[in-house]
Each structure stands twice: as structure tokens, then as C-alpha cells.
1. Among bridges DSSP assigns within the chain, what percent are antiparallel (round to 5)?
2. Long-range amide H contacts for Ser121: which residues qualify at under 5 Å (H placed 1.01 Å from N, peptide plane, sequence gap of 5 or more or a different chain)?
3. With the radius of gyration and the Kirkwood radius both derived from the Cα set of the range 192-297, what is their ratio Rg to Rh?
4. Quick one: among Leu237, Leu58, Leu263, which has the greatest mean-square fluctuation in a GNM of the chain with alpha-carbon springs under 10 angstrom?
5. Report, for the range 2-173, the % of DSSP beta bridges that are antiparallel, rounded to 5.
6. Would you list which aspartates and glutamates come within 20 Å of Lys9, measuring only between C-alpha atoms, while excluding same-chain residues fewer than 8 positions from it?
7. About the Cα centre of the range 2-173, how large is the charge dipole given +1 on each Lys and Arg Cβ and -1 on each Asp and Glu Cβ? Please answer in debye to the nearest 20.
8. Between helix 133-142 and the chain, what is the angle of the helix's C-alpha long axis to the longest principal axis, kept within 0 to 90° and rounded to the nearest 10?
Amino acid sequence: MEQELKTEKNFRSGFITIVGRPNVGKSTLLNVIVGEKIAAVSEKPNTTRNRIVGVKTLPDSQLVFLDTPGIHKARGGLGKAMVRTAMNTIGEADVILMIIEVDDPFGKGDRFIIDSLPKPSILVINKIDAVKKSRILDIIARSQEFKGKFLEVIPISALKADGIDDLINTIKNYLPQGPKYFPDDMITDQPERFLVAELIREKIFNLMREEIPYKTAVVIEDFQDVPEKNLVRISALIYVERNNHKGIIVGEKGQMLKQIGSLARIDIERILGAKVYLELWVKVKERWTERGELVREFGYGS
């Protein structure tokens, strides 16, 4: 009994908010830490639209990560809702991870976020696989100008999973003693419907060009589990703003929509551990990204 109390007393847990400009690798970092794709990832900025929870449970600690949309100068209802979500999530954190990348550290956008932080953060320099060590040392030296803003500076490559153990150990040092918030085998509290919609939207981001990915939303209309067949039937609506966008996503003879569905189904089957029958439909909602009621209806900025 004494051993059990001692173990509980020494257990650390807490919430870690991941913040940064768009496209600095926040969602890639979350996915590599939890070991599964729970956040949509693409090379395009502003892929993440919601606060996404990822859980890492270790023998002596539980780290609850809160991935956030990239903080940027937002226009329209959707963009403003995304930035509000990110800024509100900062206040929930025991530890803040401020992510920058080696190509453009401490630009105007980074400085705005740093000035907005309510307490000192851990500065994470991402994408170190793309530069020489001297460049990393230069960025670490430059971080000293932000006196009192950073607890530690940790270089990583989220893409290559380099430096992740060092980052996790550093975070643990700043977590308070506390309970397990989630079961050991749980890596996210996001509903399956949300994860499915994110995976579909990720494929649209990866396959579509220009403004189209940013003008789409994915809503799961039907989600039926058929356990006796180890099958899940899913019907999803892809909302766009213009008729010509609908035509591009559907593609000639429906080929593009089929490709989106095929790629999404591979990831969805892995996440759900079952065969998936996926139906995709495309519907036009004009100017939905500018209309607050539709932004909220589609699940953003609630």
C-alpha cells in the first residue's frame, strides 16, 4: 500500500499546449508523440482547424497535448474562429510549447505569439534535419534576446522523430504531480466521427490546389458500426463554396472523389481496426467560411 501511495505521489501529469505559426509542424509533432495520425497533416498552412487532444502515457507520467490551429492574421469567420481557438487553448496549459522552424525563426508572426504568451514556454526549434548544426546554434543564441520568455530550448525534427525523447523528458520536468486523466491505452479523446472527418479533409488538402482546400468542410452524416461483419459504414458530406469547386473535387467521371475516398479509407480502416465502406458526397454552401452560423455548424470555433 505504501508503495502504491508513493508511486501515485510521484506521478506527474498535465496539459501541454502546442502553439506556433501555420505550417511549423505542430500536428506532425503531435502525431509522432502519440504514435498515430490523429491530426490532419499537409504541406499547406492552416490545415488544423480545431483544438486536438493527444495523450502520451508513461510509467511515471501522463502528458496531455493540445494541438492548436496556426496563429495568423485571420480574415473571415473561419479564420477568426481558428485563431480564437488557439489563443483560448493557451490559457489551459500547464506547459506551453512554442514551435518555430529553422527556415524563418522569430519573424513578425512568431514575435506576436511570443508576446501573447501568458507565461514562459519551452521553445521548440523544428525541422532541424533541413539545416547544418551551426544554423541551429545560431537560432538558440538568438532566442536569448527574449529574456524570461523561454524555460528551455529544444531542437527537434518532428518529421524524422529526432529529439522527441529529449523534448518529452524536458516537458515532464515542468509538470505538476497529478492523476491520470485518461486510461493507459487512450491516445485521444476525439470522437471517431471527428477523426474520420479530419482524415478525409487531409486528403483534400493533399490533392487539391490553391484556395479549394481552405473552402471545404467535412461533416459525417452517417456512421454505422456492423460488428458481426467487422465493418463500419460511413457517409460524409464535403461542403464547398462554389459550384466550380464541386466540379473539381468530384473530377471527371468522379475520379477525384474516388481518389479522395480511397486514400482516406486506408487511414480510417487503420484507425478503426475494421473494414470501412465510405460514401462521399459534395454539396455547395456559398460563402460558408464567412458565415459564423455555418462555421459553428460545421464544428469550428465552438
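Please treat every number below as a calculation from the coordinates, not as lab data. The structure presented is a predicted model; accordingly, all values stated were derived computationally and were not measured. Every residue, glycine as well, gets a Cβ built from its backbone with ideal geometry; the counts of neighbours run over all protein chains shown.
1. In the chain, DSSP labels about 35 percent of beta bridges as antiparallel.
2. Under 5 Å from the amide H of Ser121: Phe150, Leu151.
3. Details: Rg = 13.8 Å, Rh = 14.1 Å.
Ratio of gyration radius to Kirkwood radius for the range 192-297: 0.98.
4. Comparing Leu237, Leu58, Leu263 in a Gaussian network model of the chain, the most mobile one is Leu58.
5. In the range 2-173, DSSP labels about 25 percent of beta bridges as antiparallel.
6. Asp60, Asp94, Asp184
7. On the way: 26 positive and 21 negative charges, 155 e Å.
It comes to approximately 740 debye.
8. 70
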